[in-house]
Structure formats: C-alpha cells, structure tokens
Amino acid sequence: MILQVFVLFDVQTELENLKKQTKQIRKRSYRERRSRLDKFTYEILQLHKNGASGAEIQRFLCAKRIKVSHSTVQRWLAKYE
C-alpha cells in the first residue's frame with residue numbers, strides 16, 4: 001500500500017513571504033554600498049592632493065583594471081573631501 005501525501009500550496013503565505021523579501025531588498029540604501037574606488041582610497045586621495053585631475057585619476061584606475069568615468073571619480077572625491 002502506497003501512502004500519498006498531498007502538500008497544499010498556500011498562495012497567500014508565499015506571496016506575503018515574497019513581499020517581505022522585496023521590502024528588505026528595497027530597504028538597502030546606496031550609501032551602504034561600497035564603491036569600487038574604496039579599495040584605492042589612499043592612492044586616489046594622494047594623487048588628488050598632489051594635483052592630479054579627475055581624468056588622470058581615471059587613467060590610473062584604468063591601469064588597475066577599474067573602469068570608471070571621470071565624473072564618477074569627481075563625485076567620489078567630493079564625498080571624501
């Protein structure tokens with residue numbers, strides 16, 4: 001004799017769980033995220049302090065295989081100044 005087990009799919013419970021997950025995902029702030037430039041904070045700030053432009057810093061990062069625009073570098077510098 002084979003015993004059959006029926007599992008009921010409760011749509012409302014699943015939907016509530018998914019909505020909670022979505023709410024948690026959307027709660028994350030952009031401020032909490034780390035920039036790719038953060039690994040090079042010391043180098044970037046030293047270059048800028050010694051007169052390097054945003055475009056020059058961008059080329060420095062490109063040599064380190066970090067692809068960013070010079071405007072991103074400018075925004076990052078404004079945040080750390």
Let me know the charge dipole size of the chain about its Cα centre in debye, to the nearest 20, where only the beta-carbon of Lys, Arg (+1) and Asp, Glu (-1) is charged. 300
Semi-axis lengths, Å, region 35-81, gyration tensor of Cα atoms, sqrt of 5 times eigenvalues: 13, 11, 10
FRET efficiency, 1/(1 + (r/R0)^6) with R0 25 Å, evaluated for residue 36 and residue 59 via beta carbons: 0.95
Going toward the positive end of the dipole of the chain, with +1 on Lys and Arg Cβ and -1 on Asp and Glu Cβ, which of 40, 18, 53 do you reach last? 53
Over the chain, the sum of -39500 (n - 2.57) across DSSP H runs of at least four, divided by residue number and rounded to 500 deg cm²/dmol, gives at 222 nm -18000 deg cm²/dmol
For the chain, what percent of Cα pairs sit more than 14 Å apart? 72
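Only the coordinates and a few stated rules stand behind these numbers; no lab work does. On a predicted model such as this, the values are computed, not experimentally measured, just so you know. Don't worry about glycine lacking a Cβ; one is built from the backbone with ideal geometry, like all the others, and counts go over all protein chains shown.
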